[in-house]
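*Asks:* So that we are looking at the same thing, I have put the structure below in structure tokens.
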Amino acid sequence: MKFRKKILCIGAGYVGAPSNVMIAYKCPDYKVTVVDINAQRIAAWNSDHLPVYEPGLEELVLQTRGRNLFFSTDIEKQIAENDIIFVCVNTPTKTFGAGAGMAADLQYWEKTARQILENSKSPKIVIEKSTLPIKTALAMERILSSGKGDITFDVLSNPEFMAEGTAINDLENPDRVLIGSHETESGVAARAQLVEIYSRWVSPEKIITSNIWSAELSKLVANAFLAQRVSSINSISALCEKADADISEVARAVGTDTRIGAKFLKAGIGFGGSCFKKDILNLVYLCHSYGLPEVAAYWESVVKINEYQQERFIANVLRSMFNTLAGKKICLLGFSFKADTADTRESPAINITRMLLAEHAEVIITDPKALGNAAIDLANDKGKISFIEDPYQAAAGCHALAMMTDWDLYRKLDYRKIYKSMVKPAFIFDGRNIIDQQKCFEIGFNVFPIGKPALTHF
Ligand code: UDX
């Protein structure tokens with residue numbers, strides 16, 4: 001079959017693969033190829049066991065793979081053959097040198113830019129999809145224009161706003177699609193090609209165009225604002241616990257103000273995931289490098305409150321369990337950073353496990369999807385840790401349950417049965433406020449919610 005257009009995506013991770021699967025699904029007349037240097041990951045995308053778990057993703061892959069969606073490791077050949085290239089390589093936080101712990105590590109990004117330059121024999125549209133520090137497009141353009149040939153490259157910024165666990169729905173029904181370009185003739189023409197792709201399923205008023213720097217910055221700012229809401233409500237949860245107020249009631253009352261809105265006001269053990277902390281630190285670094293220390297400090301406090309919330313959670317566990325956790329068995333319900341994903345990157349459960357191990361507690365971890373990743377995260381941690389998929393088996397013989405992830409499954413457990421199998425007095429620390437706390441209290445548990453008075457039998 002002759003395809004109308006050929007699209008390449010470099011990077012088969014959580015952003016690149018699902019977003020290009022959606023393009024392949026919505027545009028059957030376009031050939032979409034996803035490449036990655038990681039041969040194992042590509043093999044998994046070509047197998048029955050996809051490397052990313054997302055509700056609805058597998059169905060779309062099965063419909064498109066081999067039709068107009070292909071996964072390959074031959075990056076150089078694919079660069080030569082495709083005219084529209086999405087770059088979705090990872091940009092982790094730097095662990096070395098200047099900006100270590102804050103700035104984005106752009107080595108994979110730069111390597112990709114050079115690879116595109118070396119293997120291009122015709123004009124290309126290069127689209128940044130990974131979240132990047134602003135002015136990365138400028139660096140990209142400089143690398144791409146350093147070649148001797150007269151091939152033209154148009155760089156666009158098209159940040160991805162989808163969230164894990166809801167990726168397919170977010171991709172299919174986005175709040176907006178943002179496309180940043182230069183206002184030059186070729187920049188506007190390149191932008192039009194990308195608009196044409198999204199127009200297949202996104203209504204025109206939701207496709208926002210802007211200059212490149214605004215598009216790059218908007219992605220960092222959107223994540224910073226979302227994380228800031230979580231830290232704001234978590235900071236108030238600490239006050240509620242002291243002042244006998246109820247964080248759910250406060251969040252509801254505050255969130256019904258349409259200027260504020262109800263979303264992202266759920267208090268818990270803090271935000272995790274690959275984006276929020278990384279993007280805020282990136283923003284903080286940018287502010288410092290532009291000589292704006294006050295702005296940097298403001299955003300840094302969002303990360304500090306997030307860490308404080310986890311420390312506060314463990315301090316509460318310790319205090320409530322008679323100031324000693326040594327030799328006690330604590331069952332962590334969930335390990336992924338949120339429900340409906342196996343992803344554990346920056347999951348608060350990692351820190352919380354380490355703090356429990358530091359108190360010499362024995363940690364039993366259960367999760368319906370994330371135990372494999374949990375084992376990798378904790379591979380070098382010393383202490384007693386076990387991984388048990390069945391929540392009833394995991395909880396049996398434990399002194400306390402600590403809710404880490406808002407998996408729906410944990411709302412529906414038979415807590416009476418669990419209570420009977422545990423050491424008494426039995427505790428539940430509901431780090432996500434998802435269980436029927438009053439009912440669990442009536443069963444016999446001592447219940448410690450986030451941001452609400454504890455329900456105890458002492
Ligand atoms: C986020 C952004 O939402 C998305 O737009 C961007 O593209 C990538 O980063 P993601 O990291 O997948 O997506 O998850 P998100 O749903 O935003 O949740 C992040 C963290 O905040 C999770 O740990 C979640 O449990 C926590 N959270 C979220 C809360 O604690 N309370 C809330 O009210 C909302």
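*Asks:* What do you reckon, is T184 out of contact with any strand residue (DSSP E or B) (no Cβ under 6 Å at 6 or more places or on another chain), in the same structural domain as E58 (by TED's automatic domain parsing), within 11 Å of the ligand (Cβ to nearest atom) and not aliphatic (A, V, I, L, M)? Explain how you work it out, then say what you get.
*Replies:* On the way: out of contact with any strand residue (DSSP E or B) (no Cβ under 6 Å at 6 or more places or on another chain): yes; in the same structural domain as E58 (by TED's automatic domain parsing): yes; within 11 Å of the ligand (Cβ to nearest atom): no; not aliphatic (A, V, I, L, M): yes.
So T184 does not fit the description; no.
*Asks:* State whether the residues of the stretch 305-322 include one that is in a loop (DSSP other than H, G, I, E, B) and either without any contact (Cβ under 8 Å) to a residue 24 or more places away in the chain or within 13 Å of the ligand (Cβ to nearest atom) (or both).
*Replies:* Start the filter on the stretch 305-322 by keeping residues that are in a loop (DSSP other than H, G, I, E, B), which leaves 321-322.
Remaining after also requiring either without any contact (Cβ under 8 Å) to a residue 24 or more places away in the chain or within 13 Å of the ligand (Cβ to nearest atom) (or both): 322.
Taking every residue of the stretch 305-322 in turn, at least one turns out to be in a loop (DSSP other than H, G, I, E, B) and either without any contact (Cβ under 8 Å) to a residue 24 or more places away in the chain or within 13 Å of the ligand (Cβ to nearest atom) (or both).
*Asks:* Check A227 against each of (1) assigned to a helix (DSSP H, G or I); (2) not assigned by TED's automatic domain parsing to the domain that holds N433 and name the one condition it does not meet.
*Replies:* It fails just one condition, (2).
*Asks:* Which of the residues spanning the stretch 10-20 are hydrophobic (A, V, I, L, M, F, W, C), within 16 Å of the ligand (Cβ to nearest atom) and modelled with pLDDT of 95 or more? Break it down into steps so the answer makes sense when it comes.
*Replies:* Of all residues in the stretch 10-20, those hydrophobic (A, V, I, L, M, F, W, C) come to 10, 12, 15, 17.
From what is left, the residues that are within 16 Å of the ligand (Cβ to nearest atom) are 15, 17.
Matches in the stretch 10-20: A17 only.
*Asks:* Next question. Could you identify the single residue in R229, R176 that is crowded, with 17+ Cβ neighbours inside 10 Å and either more than 19 Å from I85 (Cα to Cα) or of a type in the set (K, R) (or both)?
*Replies:* When all the criteria are applied, what remains is R229.
*Asks:* If you scan the stretch 179-210, which residues turn out to be part of a loop (DSSP other than H, G, I, E, B) and surrounded by fewer than 22 Cβ atoms within 10 Å (Cβ to Cβ)? If you could, list the steps in order and put the result at the bottom.
*Replies:* Within the stretch 179-210, the first condition is being part of a loop (DSSP other than H, G, I, E, B), and the residues that meet it are 181-184, 199-203.
Those that are part of a loop (DSSP other than H, G, I, E, B) and surrounded by fewer than 22 Cβ atoms within 10 Å (Cβ to Cβ): H182, E183, T184, S199, R200, W201, V202, S203.
*Asks:* Let me ask something else about it. For residues that are in contact with a Cys (Cβ under 7 Å, 6 or more places away or on another chain) and more than 16 Å from the ligand (Cβ to nearest atom), scanning just the stretch 407-458, find the one that is farthest from F335 (Cα to Cα). Let's see the steps before the verdict.
*Replies:* If we filter the stretch 407-458 for residues that are in contact with a Cys (Cβ under 7 Å, 6 or more places away or on another chain), which is where we start, we get 415, 422-423, 428, 447, 451-452.
Keeping just the survivors that are more than 16 Å from the ligand (Cβ to nearest atom) gives 415, 422-423, 428, 447.
Working: Y415: 19, M422: 20, V423: 22, I428: 16, V447: 20 Å.
In this case the residue turns out to be V423.
*Asks:* Hey, among the residues in the stretch 150-174 that are in contact with a helix residue (DSSP H, G or I) (Cβ under 7 Å, 6 or more places away or on another chain) and part of a loop (DSSP other than H, G, I, E, B), which one's farthest from the ligand (Cβ to nearest atom)?
*Replies:* The initial filter retains those residues of the stretch 150-174 that are in contact with a helix residue (DSSP H, G or I) (Cβ under 7 Å, 6 or more places away or on another chain), namely 152-163, 167-168, 171-172, 174.
Retained after the next criterion (residues that are part of a loop (DSSP other than H, G, I, E, B)): 152, 158-163, 174.
Numbers: T152: 30, N158: 12, P159: 8, E160: 6, F161: 4, M162: 5, A163: 3, P174: 10 Å.
My answer is T152.
*Asks:* For the stretch 253-274, what are the residues that are out of contact with any helix residue (DSSP H, G or I) (no Cβ under 8 Å at 6 or more places or on another chain) and either in contact (Cβ under 8 Å) with a residue 60 or more places away in the chain or more than 13 Å from the ligand (Cβ to nearest atom) (or both)?
*Replies:* The first filter runs over the stretch 253-274 and keeps only residues out of contact with any helix residue (DSSP H, G or I) (no Cβ under 8 Å at 6 or more places or on another chain), leaving 253-259, 273-274.
Passing the criteria: A253, T256, D257, T258, R259, G273, S274.
*Asks:* Now for a different question. Among the residues of the stretch 340-373, write down those that are hydrophobic (A, V, I, L, M, F, W, C) and within 15 Å of the ligand (Cβ to nearest atom). Walk me through how you get there before you give the answer.
*Replies:* Initially, the stretch 340-373 is screened for residues hydrophobic (A, V, I, L, M, F, W, C), giving 342, 349-350, 352, 355-358, 361, 363-365, 370-371.
Of everything in the stretch 340-373, those that are hydrophobic (A, V, I, L, M, F, W, C) and within 15 Å of the ligand (Cβ to nearest atom) turn out to be A342, A349, I350, I352, A370.
*Asks:* Could you please find all residues in the stretch 37-90 being without any contact (Cβ under 8 Å) to a residue 40 or more places away in the chain, over 27 Å from Q107 (Cα atoms) and either outside the structural domain of T131 (by TED's automatic domain parsing) or part of a helix (DSSP H, G or I) (or both)?
*Replies:* E58, E59, L62, Q63
*Asks:* State whether the residues of the stretch 288-306 include one that is in contact with an Asp or Glu (Cβ under 9 Å, 6 or more places away or on another chain), outside the structural domain of V15 (by TED's automatic domain parsing) and at positive phi. Spell out how you get there, then give the answer.
*Replies:* Going through the stretch 288-306, the residues in contact with an Asp or Glu (Cβ under 9 Å, 6 or more places away or on another chain) turn out to be none.
No, the stretch 288-306 contains no residue that is in contact with an Asp or Glu (Cβ under 9 Å, 6 or more places away or on another chain), outside the structural domain of V15 (by TED's automatic domain parsing) and at positive phi.
*Asks:* Given the options V126, V188, name the one that is of a type in the set (A, V, I, L, M) and more than 19 Å from C9 (Cα to Cα).
*Replies:* On the way: V126 fails: more than 19 Å from C9 (Cα to Cα).
Being of a type in the set (A, V, I, L, M) and more than 19 Å from C9 (Cα to Cα) holds for just one of V126, V188, which is V188.
The values are calculated or read from the model by the stated rules, or taken from the named source; none is laboratory data. All values reported here derive from a predicted model rather than from experimental measurement. Note that each Cβ is placed from the backbone with ideal geometry, even for glycine, and that neighbours are counted across all protein chains shown.
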